[in-house]
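In what follows, a structure is listed as structure tokens, so that the remarks can point back to it.
Read-outs: derived from the displayed coordinates by stated rules, not from any lab. These numbers come from a predicted model, not from an experiment. A quick note on method: Cβ atoms are made from the backbone with ideal geometry, for glycine too, and the neighbour counts reach across all protein chains shown.
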Amino acid sequence: MIQQFNYQPAAQVNQLMLDDASVHLIDVRTRAEFDDGHAKGAQSIPLDELNRDSLNTDLNLDSIDDHSFYLICQGGHRAKLAAEKLSEQGVSNLVVVKGGTDAWNQSNLPMLRHSRLPSLERQTQIAIGGLLLLVLIKGMLIHPAFNLLIGAVAIGLIVAGVTARCSLTSILARMPWNQRHSGSPA
């Protein structure tokens, strides 16, 4: 059965947060993405850590049944996955923020940034650019067969674009420099 969820625009969710301090905006992106820039007032519970119990403990709630949860990610896909996951665990009152933090930012709503590192997107671009340059140099100096690796990287970029998931970005998000250390701001 396909579950239908309520979608609300970022501006409407922001207004709800201003009017009602008990609104829970949950950012389900990785902690590195969250630190890179997130909606003001959002709380980070990454999708892979998110479940009914984590809502209770991370938000310090007596009962999650009396609360509404607004789920946000970069563009909306992971927030929808989070809503499906929580719905299967019996959590109701789930709302997906339409357009995610991209829409939040484009609407000029308040954003916070904790990271001093380049964004994961920029880290990925730097890594891919460096890899392509290295392979090109090896192809020119060592053996032309190295140029086949450029095709492999191109295929990886096409797959990332079509699926909206980049394996390199996922790997970079798990690197030690992108991990929040204890005592870091949430």
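Before moving on, here are some points about what is shown:
- Annotation: amide H-H contacts under 5 Å for Gly99 (H modelled 1.01 Å from N, sequence separation of 5 or more, or interchain): none.
- Translational diffusion of the range 42-186, µm² s⁻¹ [Kirkwood Rh, Cα pairs; Stokes-Einstein; 20 °C; 1.002 mPa s]: 118 µm²/s
- Whether the range 120-178 is rounded, prolate or oblate, judged on the alpha carbon gyration tensor where a/c under 1.5 counts as rounded: oblate
- Theoretical gain in end-to-end length, Asp65 to Arg165 [0.36 nm per residue, Cα-Cα removed]: 32.8 nm
- Long-range tail of P(r) for the range 47-100 (Cα pairs > 19 Å, %): 20 percent
- Label-reachable residues, the range 29-55, where backbone N falls under 18 Å from a point 7 Å from Ala21's Cα toward its Cβ: 40-43
- The range 1-102 shape via C-alpha gyration tensor axes, a/c threshold 1.5: rounded
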